[in-house]
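Q: Quick one: the structure is below, questions incoming.
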Amino acid sequence: MTYLAVYAQQSSEHTVLSFAAKAADVLRFASIERIGRDAQGELSGFQRPQVAAHIREIRDYLEKPNAVLPNPIVVAFTDRVTVEDLGNGAAQLAIDLSSGVPGLVVDGQQRLSALADMERDFQVFVSALICRDQAELRRQFVLINNTKPLPKSLIYELLPTVDNLPPRLSRRSVASDLTARLNFENTALKGYIKQHTCPEGIIADTVMQKIIMESLSNGVMRELIRGPKGGERCVRLVSNFFEAVKKVWPEAWHGQKPNSSRLLHGAGIQAMGDVMEVLAERGEARTVEDFRSGMECLRGKTAWTAGEWHMDGEVRRWNSLQNVNRDVALLKHYLVGIVKADLRSKAKRAPAPLLEPTVDSL
């Protein structure tokens with residue numbers, strides 16, 4: 001197989017070229033070796049297992065007629081390739097397939113796997129790296145894949161500006177947009193959420209996005225977002241709730257940080273997200289006063305900044321709660337349990353509604 005390629009003037013110890021090839025042809029001259037061990041325990045291969053959901057998302061995107069894939073597939077060779085310098089940075093690359101597949105995919109295995117399942121005749125860019133031996137090939141694999149990825153929070157903040165996203169990212173996009181509005185519009189959380197465009201914030205944006213996504217999937221925001229001015233209504237709901245939180249626990253909010261108050265900590269924010277859901281759905285709370293009244297039952301039963309939590313027979317120091325699944329679930333169950341019990345008690349005390357006269361009673 002021969003390709004017209006261009007040289008890249010990089011390391012004097014390696015040959016680096018770039019060319020375009022059909023995805024099916026890449027799989028003819030390059031294989032994906034998954035990491036494993038043989039019977040003797042010797043390590044072989046280096047690629048992580050396939051991630052089916054990720055491959056499916058890539059394939060769904062690439063099947064669209066306007067899809068592009070500028071990211072190259074990186075393939076390394078140690079032998080059975082020859083390079084003829086054509087001058088002016090151009091080269092003729094010849095790949096010998098007579099003894100099997102000579103190349104190994106170093107980066108882009110998920111993209112290539114997605115392309116392999118498509119009927120579309122899709123060309124990709126290939127960056128070819130010619131190494132002196134297998135040890136050098138492994139070294140390059142580690143170095144290429146060990147670069148620091150873009151922070152998730154930066155990617156999530158950019159999502160609302162991107163169209164035609166996979167469903168998983170679309171949900172995150174809506175949550176990211178609502179989080180940004182809470183942080184930059186005139187709300188109770190303005191300037192409180194830490195984002196790349198608001199580094200002085202103290203509440204993690206991913207935590208706020210998480211409680212919003214849960215509400216959009218199974219909570220009160222699921223219906224709110226669908227109606228007129230849905231985004232505005234969701235923003236106002238969350239803002240009203242946290243304005244009420246400030247009124248109920250001013251000493252645990254104002255001037256505090258996550259390490260000094262568990263109310264502003266990831267565990268506390270997620271737990272309060274569930275409290276908001278219960279009050280909004282079961283108590284039909286919408287205003288600041290509705291939420292404040294609904295949380296009065298929690299006064300004197302929290303340990304946001306000092307003391308101990310007494311939860312389900314377990315005693316925990318105030319600052320021992322961490323942003324891990326078990327602690328978050330424990331705090332959610334404790335706070336929501338008190339709020340639900342209070343709502344039930346109020347329902348029992350409420351006077352029975354007056355019945356309209358029926359035809360029989362007239």
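The values are calculated or read from the model by the stated rules, or taken from the named source; none is laboratory data. Being a predicted model, the structure only gives us computed values, none of them experimental. Reconstructed Cβ throughout: ideal geometry from the backbone, glycine too, with neighbour counts over all protein chains shown. Quick note on the areas: whole protein, heavy atoms, side chains included, nothing else; ligands and nucleic acids left out. Shrake-Rupley method; radii C 1.70, N 1.55, O 1.52, S 1.80 Å.
Q: How much accessible surface area, in Å² rounded to 10, belongs to the heavy atoms of residue 281 with a 1.4 Å probe?
A: Taking all protein chains as shown, residue 281 has close to 100 Å².
Q: Taking 24 Å as the cut-off for C-alpha to C-alpha distance, list the pairs among 301/346; 210/257; 194/301; 190/340; 190/247 that go past it.
A: Long pairs (Cα-Cα over 24 Å): 194/301; 190/340.
Q: From the square roots a ≥ b ≥ c of the eigenvalues of the alpha-carbon gyration tensor of region 158-283, which class results: rounded (a/c under 1.5), prolate (a/b over b/c), or oblate?
A: Oblate, since a/c reaches 1.5 and b/c is not below a/b.
Q: For residue 153 and residue 31 in the same chain, what is the full-extension length gain: residue separation times 0.36 nm, less their Cα-Cα distance, in nm?
A: Gain on stretching residue 153 to residue 31: 40.6 nm.
Q: With springs only between Cα atoms under 10 Å, which of 161, 179, 305 fluctuates most in a Gaussian network model of the chain?
A: Comparing 161, 179, 305 in a Gaussian network model of the chain, the most mobile one is 161.
Q: What nm distance separates the two modelled labels at residue 139 and residue 325, each placed 7 Å from Cα along Cα→Cβ?
A: Between residue 139 and residue 325, the label points sit 4.0 nm apart.
Q: Tell me, what % of the accessible area of region 251-362 is carbon and sulfur with a 1.4 angstrom probe?
A: Of the solvent-accessible surface of region 251-362, carbon and sulfur hold 53 percent.
Q: Under 1.5 on a/c is rounded, so check that first for the chain, then, if it is not, pick prolate when a/b is larger than b/c and oblate when it is not; a ≥ b ≥ c are the square roots of the alpha carbon gyration tensor eigenvalues.
A: Prolate, since a/c reaches 1.5 and a/b exceeds b/c.
Q: Given R₀ = 30 Å, what would the calculated FRET efficiency be for residue 308 paired with residue 247, taking r from the Cβ atoms and rounding to 0.05?
A: So, using R0 = 30 Å, E works out to roughly 0.80.
Q: Next question. What FRET efficiency comes out for the pair residue 200/residue 165, r = Cβ-Cβ distance, R0 = 41 Å, nearest 0.05?
A: With a Förster radius of 41 Å, E is 0.90.
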